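> Sharing a structure below in structure tokens format, with a few things to ask.
A short reminder: the numbers here are calculations on the coordinates, not readings from a lab. Values in this document were obtained by computation on a predicted structure and should not be read as measured data. Every residue, glycine as well, gets a Cβ built from its backbone with ideal geometry; the counts of neighbours run over all protein chains shown.
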Amino acid sequence: MITLHTLTPSAKRSRTKRVGRGNSSGKGTTAGRGTKGQRARTGGRNKALRRSLRALIERTPKVRGFRSITPKMAAVPLATIIAMAKPGEIITPALLVERGVVGRVRSGLKIVGNAKTAKKLTIKAHAFSAGAKAAIESAGGTVVIIKR
């Protein structure tokens, strides 16, 4: 039978033992840490290593190499454009993305190569190689440089 004087607080609600607050408390001096050694000192050990993450850390490969932060233009060979274009068509970066020639033009589009063509094309891009520019103009096409 539960009566008012027999009630006890639940284990969850019991206060944590305060350690290192004088010898008369029962947990003074060494505060339950034993004497000397790394475990007795403050600062403790590396928690990641203590939780068995050491094996995981050792298994994970180091990040190697170098990735440049300089933005690179998407390069498209002139031969690819010649193969997909109709004579007199205006080629733009948006058209090349739409047709799946390039994935996404983030930092510009450069036309490279020196493939010979008889098609008269107007190509708009951010940059052209010297050979590509000469090949387009020799076929009677025009080169339009888009400003970024």
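> Please build a GNM for the chain, connecting alpha carbons under 10 Å apart, and tell me which residue among LYS116, LYS17, LYS124 fluctuates the most.
LYS17
> Provide PHE66, PHE128 in ascending order of the number of other Cβ atoms located within 10 Å of each residue's Cβ, fewest first. Could you put the intermediate results ahead of the total?
Details: PHE66 4, PHE128 21.
Lowest count first: PHE66, PHE128.
> If you don't mind, another one. Grab the Cα-Cα distance for SER52 and ALA83, subtract it from 0.36 nm times how many residues apart they are, and report the gain in nm with one decimal.
Gain on extension, SER52 to ALA83, equals 5.3 nm.
> If you take the beta carbon distance between ARG13 and THR42 as r and set R0 to 41 Å, what does 1/(1 + (r/R0)^6) give as a FRET efficiency, to the nearest 0.05? Provide the component values of the computation, followed by the final result.
On the way: r = 29 Å, r/R0 = 0.70.
Calculated value: 0.90.
> Rounded to the nearest 0.05, what FRET efficiency do THR70 and ALA94 give with R0 = 25 Å and r taken as the Cβ-Cβ distance? Could you check? The partial results should precede the final answer.
On the way: r = 24 Å, r/R0 = 0.97.
It comes to 0.55.
> In addition: Between MET1 and ALA127, what length in nm is gained on full extension when 0.36 nm per residue of separation is reduced by their alpha carbon distance?
Gain on extension, MET1 to ALA127, equals 36.3 nm.
> Moving on to the next point. Give me HIS126, HIS5 sorted ascending by neighbouring Cβ count inside 10 Å, so fewest comes first. Don't skip to the end; give the middle numbers.
On the way: HIS126 17, HIS5 5.
Going from sparsest to densest Cβ surroundings: HIS5, HIS126.
> Just one of (1) 34.5, 112; (2) 18.4, 58; (3) 36.8, 106 is Rg and Dmax of the Cα atoms in Å calculated from these coordinates, so which is it?
Read-out from the structure maps to (3).
> Something else: What percent does the relative contact order of region 38-146 come to when contacts are Cα pairs within less than 8 Å and at least six residues apart? Can you show the working numbers first?
Numbers: 147 pairs, mean separation 24.2, N = 109.
It comes to 22 percent, rounded to a whole number.
> Sticking with this structure for a sec: Of LYS119, LYS12, LYS86, which has the largest mean-square fluctuation in a 10 Å C-alpha GNM of the chain?
Its mean-square fluctuation being the largest, the pick is LYS12.
> Return the aspartates and glutamates within reach of LYS119: Cα separation strictly under 17 angstrom, same-chain partners fewer than 8 residues apart disregarded; answer none if there are no such residues.
Cα-Cα hits under 17 Å: GLU89, GLU137.
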